[in-house]
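Here the structure comes first, spelled out in structure tokens, and everything after it is commentary.
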Amino acid sequence: MNIKKIIKMMFTNTGVDKGIYICTFILCVFGVVMIGDASVGMVVKYGRNYPIINMLKQCFFLGAGAFFMAVIAHKFNTNKMLTKNFLKVLYFGTLFAMFACLLWSINGAHGWIKLGPITIQPAEFMKIVIILLLAYHFGVLPDHFMYKYGSAKHKAEMDNLFIKHCVAYPVAAAAVAFFVCAIVQKDLGSGIILAAISIIIFFCVPLKRFDRIKVIFAIAAVFALILFGLAGGVGLMPHQLQRFESWLNPLSGVYDKTWQIVNGFVAYSNGGLFGLGFGNSIMKYGYIPESQNAFISAIIVEEFGLFGFALLMIPYFYIIFKIFKYGIKNENIPDRLILIGISSYFFLHLFVNIGGVSGLIPMTGVPLIFISAGGSSTLAGLMSLGIAQSIIKRYNRNKLKKKVEDEL
């Protein structure tokens, strides 16, 4: 399948939201340009071909991601994909890949599998797996148990199966993924996003059977946060505690631990309202090392200003809002939960990245999807949009079919 056929498939597929595709294209093209721009500052260290290499790598992952997005949008079927065996293979396969990352260490973290010049971050794909897994346990199984054990005669058996498969198993799966991310891989940012996606999906389940469990969970979560705060962050590793300290007092180690954070603030200040102009960033020249990664938003603000950065947020928020809107309108519970999970995935990445760079929250090194250099986040983002478009296409087609039938 060539690129021409992929593009044709994307834009002639009746029912998909073409606005999402257009916004994704804008973000991806802008991301490639900014990755090359931000990489210029490191040519002294890595050589003059460094920007071109980074841009080509990003283009490679964008091409692969576009292919997978188009195929998934065309082929994905909730009824066929949300099955116990398929999701079990996906979950444990991704979990195994996350443990395999212990064989490599990059900047003290174990979040990547290195294959020559390419690195793969399994945690990015686990976010999508968790969305599908929770949609199955929260959206598919409750109806299955109700259908099979709905009579008063089997009520006790149904309640036991419900607690086991619709509460205990998905909570345990999300908790294990979080701890592997945060503790084993030392990637607290991805762990927090995994946990947040899981919580959002859980509280968006529209079934009354979950209402009491939601209240219990909310009370337990509040008490856990209070105890965590009173205990002074017990359980966090030293480098994770350091990030909280750097957030609370960024000037405590300007020439050491908070060097990158403070220079990110300077980049924001330099940009002002309209920026210094494309290519005119000062901070990318060694002040913010590897600025094409998580700190790329600082370079964008420095060059295009707050006004230019606000314009960049338009396609992001369009994607987030449209997917969430389709999720709320969708009466099919698994489809609804998947769309809400994907919308949350994009929003949380956006919030955690910009919040960390701007000093609103502690910095965790989460990439800005489609803008930051990163093959795994790019692939996962495009694949998740393929899943979303498949559901949106089916929803729009069913809506159109129902409208035609009503008119007849």
| message | I need the full set of residues from the range 75-118 which are in a helix (DSSP H, G or I) and in contact (Cβ under 8 Å) with a residue 60 or more places away in the chain, in order please. | response | Lys75, Thr78, Tyr91, Leu95, Met98, Phe99, Cys101, Leu102
| Matching residues, the range 351-374, being open to solvent by less than 10 Å² (accessible area, probe 1.4 Å) and either closer than 24 Å to Leu115 by Cα or among the aromatic types (Phe, Trp, Tyr) (or both) | Val366, Leu368, Ile369, Phe370, Ile371, Ser372
| remark: The correct count of residues that are of a type in the set (Phe, Trp, Tyr) and over 12 Å from Gly36 (Cα atoms) in the range 276-293 is 2
| query | Mind checking whether some residue in the range 381-400 is more than 13 Å from Phe295 (Cα to Cα), open to solvent by 30 Å² or more (accessible area, probe 1.4 Å) and without any contact (Cβ under 8 Å) to a residue 60 or more places away in the chain? | reply | yes
| query | Restricted to the range 288-308, and to residues that are among the aromatic types (Phe, Trp, Tyr) and buried (at least 19 other Cβ atoms within 10 Å of the Cβ), which residue is nearest to Val366 (Cα to Cα)? | reply | Phe295
| Of (1) over 16 Å from Gly41 (Cα atoms); (2) open to solvent by 20 Å² or more (accessible area, probe 1.4 Å); (3) at pLDDT 85 or above; (4) not β-branched (Val, Ile, Thr), Lys257 satisfies all except one. Which? | (3)
| Residues satisfying the stated conditions in the range 133-146, i.e. out of contact with any Pro (no Cβ under 9 Å at 6 or more places or on another chain), in contact (Cβ under 8 Å) with a residue 40 or more places away in the chain and under 16 Å from Met81 (Cβ atoms) | none
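Would you confirm whether or not the range 77-87 contains a residue that is aliphatic (A, V, I, L, M), open to solvent by 20 Å² or more (accessible area, probe 1.4 Å) and over 21 Å from Gly374 (Cα atoms)? Give the steps one after another, and end with the answer.
Of the residues in the range 77-87, the ones aliphatic (A, V, I, L, M) are 81-82, 87.
Pick out the ones that are also open to solvent by 20 Å² or more (accessible area, probe 1.4 Å) and you get 81.
Then keep just the ones that are over 21 Å from Gly374 (Cα atoms); that gives 81.
Checking the range 77-87: at least one residue is aliphatic (A, V, I, L, M), open to solvent by 20 Å² or more (accessible area, probe 1.4 Å) and over 21 Å from Gly374 (Cα atoms).
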| task | Taking Arg212 as meeting all but one of (1) modelled with pLDDT of 85 or more; (2) buried (at least 19 other Cβ atoms within 10 Å of the Cβ), write down the number of the exception. | result | (2)
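May I ask you to verify whether Ile314 is open to solvent by 50 Å² or more (accessible area, probe 1.4 Å), among the aliphatic types (A, V, I, L, M), closer than 30 Å to Ser390 by Cα and under 19 Å from the mean Cα position of the chain (by Cα)?
yes
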| message | So, in the range 155-190, how many residues would count as being in a helix (DSSP H, G or I) and either crowded, with 22+ Cβ neighbours inside 10 Å or among the hydrophobic types (A, V, I, L, M, F, W, C) (or both)? | response | 25
| query | Of all residues in the range 215-238, how many are at pLDDT below 70 and open to solvent by less than 70 Å² (accessible area, probe 1.4 Å)? | reply | 6
| task | All but one of (1) within 17 Å of the chain's Cα centre (by Cα); (2) buried (at least 24 other Cβ atoms within 10 Å of the Cβ); (3) not in a helix (DSSP H, G or I); (4) not aromatic (Phe, Trp, Tyr) hold for Thr378, so report the exception by its number. | result | (3)
| said: Name the residue that is surrounded by the fewest Cβ atoms within 10 Å (Cβ to Cβ), counting only residues in the range 243-254 that are within 29 Å of the chain's Cα centre (by Cα) and of a type outside the set (A, V, I, L, M). | reply: Asn249
| request: Determine which member of the set Lys57, Lys18 is touching a strand residue (DSSP E or B) at 6+ places or on another chain (Cβ under 8 Å), of a type outside the set (A, V, I, L, M) and either modelled with pLDDT of 90 or more or open to solvent by 40 Å² or more (accessible area, probe 1.4 Å) (or both). | output: Lys57
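The values are calculated or read from the model by the stated rules, or taken from the named source; none is laboratory data. Worth saying up front: this structure is predicted, and the values here are computed from it rather than measured. With ideal geometry, Cβ positions are generated from the backbone for all residues, glycine too; neighbour counts draw on all protein chains shown. Just so you know, the surface numbers come from the protein's heavy atoms only, side chains and all, with ligands and any DNA or RNA stripped out. Shrake-Rupley method; radii C 1.70, N 1.55, O 1.52, S 1.80 Å.
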